[in-house]
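To start, the structure itself, in structure tokens.
Please treat every number below as a calculation from the coordinates, not as lab data. Every value quoted in this text rests on a predicted model; they were computed, and no experiment measured them. Cβ atoms come from the backbone with ideal geometry, glycine included; neighbour counts cover every protein chain shown.
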There are 2 protein chains.
Amino acid sequence: MFDAMRIEIINTGSELMLGRVLNTHQQWLCRQFADRGYTVNRQVAVDDTGPAIEGAVCEALGRAELIVVTGGLGPTSDDRTRDLIAALLGKKLHEDSSVVAHIQDYFTSRRRPMPASTLIQAMVPENTQVLMNAHGTAPGLVMEPVGSAGIACRLLVMLPGPPRELRPMFSEQVLPLLRDRLPLPVPFVCRTLKTTGMGESQVEEKIALSLRALTDGGMDLGYCARIGEVDVRFVGRGVEAQRSVEDAERIVRGILGPLVFAVDDEQLEETIVRLLASRKQTIALAESCTGGAIADRLTNVPGASAVFLAGLVTYSNEAKQKFLGVRAETLAQHGAVSEATVREMAEGARTATGADYAISVTGIAGPGGGTPEKPVGTVWIGVASAAGTIAQRRFNAFDRETFKNVTSQHALDLLRRQMHGAA
Amino acid sequence: MFDAMRIEIINTGSELMLGRVLNTHQQWLCRQFADRGYTVNRQVAVDDTGPAIEGAVCEALGRAELIVVTGGLGPTSDDRTRDLIAALLGKKLHEDSSVVAHIQDYFTSRRRPMPASTLIQAMVPENTQVLMNAHGTAPGLVMEPVGSAGIACRLLVMLPGPPRELRPMFSEQVLPLLRDRLPLPVPFVCRTLKTTGMGESQVEEKIALSLRALTDGGMDLGYCARIGEVDVRFVGRGVEAQRSVEDAERIVRGILGPLVFAVDDEQLEETIVRLLASRKQTIALAESCTGGAIADRLTNVPGASAVFLAGLVTYSNEAKQKFLGVRAETLAQHGAVSEATVREMAEGARTATGADYAISVTGIAGPGGGTPEKPVGTVWIGVASAAGTIAQRRFNAFDRETFKNVTSQHALDLLRRQMHGAA
């Protein structure tokens with residue numbers, strides 16, 4: 001269709017190469033680009049020594065139209081990116097008064113003294129655009145290296161390393177610049193539908209044929225399996241992009257119905273809080289083996305306090321009895337991991353809190369505690385509401401943290417489907 | 001001292017370049033190498049098309065002694081790493097009967113039919129060592145490319161992409177091979193002490209001078225600031241390595257005392273569970289603004305059920321009264337975010353569960369809910385025990401998830417210090 005622009009990301013920092021920190025920039029930046037029709041071709045991480053950074057930048061300059069370099073813009077002696085790249089491109093540095101003013105404001109407004117070394121961040125290469133840092137002191141820098149022999153790079157963007165500085169700077173300042181200076185040759189539309197309740201190949205079997213006309217017409221269709229979720233992603237390019245993506249969404253929603261729970265980046269816990277808030281309903285939790293993981297997810301959503309009353313993490317049998325009113329006979333007769341117990345837990349949490357809905361979970365996370373009848377991974381999930389109580393058995397035989405993730409996903413989804421009358 | 005070996009990591013996968021998945025291999029592999037005295041010089045991620053993989057591998061072959069390539073060893077059409085690298089090095093592929101047997105066993109033991117396409121994973125390049133995959137079907141592959149013109153690479157290791165396959169294969173099979181074929185020229189010892197309660201520069205001020213003799217003698221000393229933690233890392237090389245690292249640990253423990261909470265990779269929640277278990281004591285939680293995050297962390301530790309009785313996530317005032325016995329007058333007079341309330345929460349949780357210790361947390365996570373007197377980020381933390389109840393005010397003005405992380409760290413650390421009689 002058209003020649004795609006070449007994009008490379010260079011992450012600098014010795015802490016990356018020593019494995020002291022996780023590089024979240026790669027995924028975040030690649031996703032930002034991909035959702036707007038740009039594809040990153042290569043990502044490189046190197047330590048913050050001169051030869052390593054110079055080597056990576058030199059290679060990229062010769063072949064990529066857009067280069068994003070992260071890290072090394074701060075005030076300390078190992079922040080060398082700015083100086084090294086200016087030198088590579090033969091640019092002198094000068095003090096930029098707008099950056100000086102920004103840094104001074106930053107410290108004044110926080111009533112902190114300004115270390116003198118901080119002002120080194122105001123040194124800017126010639127002919128370089130400054131991106132002010134709303135959440136820190138190091139500015140982003142944008143250069144246009146193309147013109148010299150052997151240089152393909154039209155835009156070189158340097159961004160500060162901390163994610164809470166880099167992310168807003170990229171969204172608010174780099175993306176508009178990208179649209180302006182390196183626009184896509186044709187319109188681009190991308191949408192992701194998030195589904196639960198079926199595996200990747202099942203989802204594909206159900207929908208692929210019905211989307212054939214659209215994919216034959218050039219729309220891209222992709223699947224991504226996650227923990228307890230499958231993403232279905234449509235990408236349209238050209239004048240028909242918007243229409244084909246909308247047609248695809250309508251077709252898939254028609255086939256999968258309530259299995260589609262959200263669009264694009266919404267998490268399942270956000271869906272739940274949004275649904276409950278819109279209905280002015282409330283929820284309580286009775287967690288055993290998930291150990292607070294469901295409460296943690298729900299309370300990550302701003303505004304959760306309007307719908308979430310209480311979570312009772314009843315790890316011991318005594319706690320199940322005391323806080324949820326589970327009967328001693330039930331525990332003795334059926335055990336803590338049983339349909340009878342999970343039902344009493346959900347009903348007990350709902351009664352004790354007066355919530356409209358209560359989720360309960362009891363199971364064996366492992367690595368210990370399994371038996372031949374109830375092996376590690378066995379879990380019961382319950383949902384109590386005015387419509388009655390439902391219970392579901394699952395077998396999630398994974399390591400402990402994956403078990404908690406998968407099980408919390410199953411539990412939130414059981415509630416969601418019950419709220420849709422589809423459980 | 002000596003020329004370090006050059007190591008490069010190549011991660012393949014189009015899902016990486018589209019930002020659909022997070023690349024955890026980089027940090028994990030870099031850390032594994034660093035802790036054993038090897039430093040990774042470069043990490044590259046490329047999509048799984050032929051030219052991208054060939055380009056990255058060719059560049060690395062010419063300059064790195066050790067190359068680790070991840071991903072692309074599976075049975076599907078986009079798994080091309082094995083074929084591409086064999087072709088680059090001019091090696092023919094043949095079916096390896098031990099891998100065929102392993103794959104057949106894998107499916108038989110799981111009582112699943114074996115898809116015919118799976119056997120493509122048994123195709124192995126000539127003169128290549130096979131690493132059996134204990135958790136999947138794709139074997140790892142080890143080649144020794146050195147010998148041809150322009151090739152510096154002595155060991156090229158291909159590993160399967162899924163972390164739960166890659167990690168044990170690396171630890172159990174690649175590390176011994178590394179020690180055998182690419183040994184370090186001198187002994188190497190590395191140890192990390194994890195501390196809480198002080199910032200990075202404070203820690204440095206306290207200890208750097210006392211370690212001067214050791215660092216002057218060649219021991220490396222590094223700091224890494226994390227959420228509510230500062231790591232202090234000692235690296236010794238040569239015949240004195242073991243002794244200098246041990247001396248350094250003794251000196252730092254002498255200065256920082258109970259601020260040192262763990263060695264190497266132990267998490268604070270693991271320290272807490274270990275301490276409680278060794279004393280045969282128990283714990284309960286009363287969480288408001290952390291919303292179950294502390295319970296979630298504690299229950300990530302295998303064996304937590306021996307010490308953790310219950311966590312009460314009391315988001316609403318009604319829940320604080322009902323489950324923890326916080327008095328209505330206390331809430332009316334002091335508010336939910338107050339010293340009086342946090343004390344009653346901790347004492348209420350301890351009384352209701354009979355636990356030896358109870359932690360309580362109440363605060364304003366934001367983004368909404370702040371007032372001029374109690375702005376977003378305000379938080380009270382309490383610990384109740386037989387020794388009485390202590391309470392501490394903190395101001396953690398961050399985004400919602402960071403607030404929960406930092407606050408849970410502060411809360412666990414307050415308990416830890418109380419257990420040491422040092423709060």
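Brief remarks on what is shown
- ³J(HN,Hα), Karplus 6.51/-1.76/1.60, whole Hz, each residue of region A:368-380, x for Gly, Pro: x, x, x, 9, x, 6, 10, x, 3, x, 5, 8, 10
- The amide H of B:Ala286, built 1.01 Å from its N in the peptide plane, has B:Leu312, B:Ile359, B:Ser360, B:Val361 as neighbours under 5 Å, considering only residues 5 or more places off or on other chains.
- For chain B, built as a Gaussian network whose Cα springs stay under 10 Å, the top-fluctuating residue of B:Arg297, B:Arg394, B:Arg191: B:Arg394
- Sequentially through region A:382-394, phi angles give Karplus couplings (6.51, -1.76, 1.60; θ = phi - 60°) of x, 9, 10, 7, 4, 7, x, 10, 10, 9, 9, 9, 10 Hz, Gly and Pro residues having no value and appearing as x.
- Within-12-Å neighbourhood charge of B:Val124 [Cβ basis; K, R +1; D, E -1]: -1
- Per DSSP, loop GluC sites (Glu not before Pro) in region A:258-309 with at most 16 further Cβ within 10 Å: A:Glu266
- Each residue in B:Ser171, B:Ser14 was given a count of other beta-carbon atoms within 10 angstrom of its own, and listing them fewest first yields B:Ser171, B:Ser14.
- Rounded to whole Hz, the Karplus (6.51, -1.76, 1.60) HN-Hα couplings of region B:212-219, x for glycine and proline: 3, 4, 5, 5, 4, x, x, 6
- Estimated from the Cβ-Cβ distance and a Förster radius of 30 angstrom, the FRET efficiency linking A:Lys91 and B:Glu54 is about 0.30.
- Estimated [θ] at 222 nm from DSSP helical runs (n ≥ 4, -39500 (n - 2.57)) normalised by residues in chain B, nearest 500: -11000 deg cm²/dmol
- The alpha carbon centroids of region A:243-318 and region B:161-213 are separated by 40 Å.
- Loop-located GluC sites (Glu not before Pro) in region B:314-423 whose Cβ has at most 10 other Cβ within 10 Å (DSSP): B:Glu373
- Shielding value for B:6-18 is 3, the average number of Cβ atoms from other chains within 10 Å of each residue's Cβ.
- Comment: the Cα-to-Cβ extended label point of B:Asp78, at 7 Å, lies 3.5 nm from its counterparts in the other copies, nearest first.
- The listed peptides A:55-63, B:108-116, B:173-181, ordered by packing as a protection proxy, come out as A:55-63, B:173-181, B:108-116 (highest mean of other Cβ atoms within 10 Å first).
- Position B:Arg110: other-copy label points at 5.0 nm, ordered by increasing distance, label point 7 Å along Cα→C-beta.
- Across region B:121-271, Cα-Cα pairs farther apart than 28 Å form 44% of the total.
- Computed over Cα pairs, the Kirkwood radius of region B:323-400 leads via Stokes-Einstein (1.306 mPa s, 10 °C) to a diffusion coefficient of 124 µm² per second.
- With the convex hull of the Cα atoms taken as the outline of region B:282-423, the averaged projected area works out to 7.8 nm².
- When the P(r) of the protein assembly as shown is calculated, the portion above 35 Å amounts to 56% of the C-alpha pairs.
- Per principal axis, descending, Cα span of chain A in whole Å: 80, 60, 42
- Loop-located chymotrypsin sites (Phe, Trp or Tyr not before Pro) in region B:1-81 (DSSP state other than H, G, I, E, B) with a sparse environment of at most 14 neighbouring Cβ atoms within 10 Å: B:Phe2.
- Stretching the chain fully between B:Gln202 and B:Arg36 yields a gain of 56.9 nm (0.36 nm per residue, less the alpha carbon separation).
- Farthest positive-ward along region B:165-255 dipole, Cα basis, beta-carbon charges - from B:Leu184, B:Met219, B:Val232: B:Leu184
- Shape metrics for region A:200-294, restricted to C-alpha atoms - Rg then Dmax, Å: 16.6, 53
- Column: log10 I(q)/I(0), Debye, Cα scatterers of region B:31-91, q = 0.14, 0.19, 0.28 Å⁻¹: -0.45, -0.76, -1.25
- DSSP beta bridges in the protein assembly as shown [antiparallel fraction, %, rounded to 5]: 65
- Counted by neighbouring Cβ atoms within 10 Å, the residues B:Arg343, B:Arg393 run from fewest to most as B:Arg393, B:Arg343.
- Counting, for every residue in B:41-49, the Cβ atoms of other protein chains within 10 Å of its Cβ and taking the mean gives 6.
- Label-zone membership for region B:367-402, site B:Arg279, 7 angstrom Cα→C-beta point, backbone N under 12 Å: B:384-388
- Copy-to-copy label distances for A:Gly303, where each label lies 7 Å from Cα along Cα-to-Cβ, are 4.4 nm in order of increasing length.
- Full extension of the chain between A:Asp216 and A:Asp83 gives 42.9 nm of extra length, using 0.36 nm per residue less the Cα-Cα distance.
- Other-chain or far-sequence residues with amide H under 5 Å of B:Asp356's (modelled H): B:Thr282, B:Ile283
- Prolate/oblate/rounded label for region A:211-265 (Cα gyration tensor, a/c 1.5): prolate
- Inter-probe distance in nm under a simple model that places probes 7 Å from Cα toward Cβ, at B:Tyr223 and B:Glu144: 4.6
- The ranking of A:Ile294, B:Ile7, A:Ile9 by Cβ neighbour count inside 10 Å, starting from the fewest, reads B:Ile7, A:Ile9, A:Ile294.
- A dipole drawn for the protein assembly as shown from +1 and -1 charges on Cβ atoms has a positive end, and of A:Val260, B:Ala355, B:Phe170 the residue lying farthest that way is B:Ala355.
- Region A:81-157: C-alpha pair distances exceeding 20 Å, %: 35
- Rh by Kirkwood over Cα pairs, then Stokes-Einstein D for region B:1-129 at 0.692 mPa s and 37 °C, µm²/s: 200
- The relative contact order of chain A, computed from alpha carbon pairs under 8 Å that lie at least 6 residues apart in sequence, is 10 percent.
- Model label sites at B:Thr76 and B:Asp105, defined 7 Å from Cα along the beta-carbon direction, differ in position by 2.7 nm.
- Shape of region A:1-65, Cα gyration tensor, a/c cut at 1.5: oblate
- Where rotation carries A onto B, the chain A residue whose Cβ is nearest that axis, in whole Å: A:Gly292, 2
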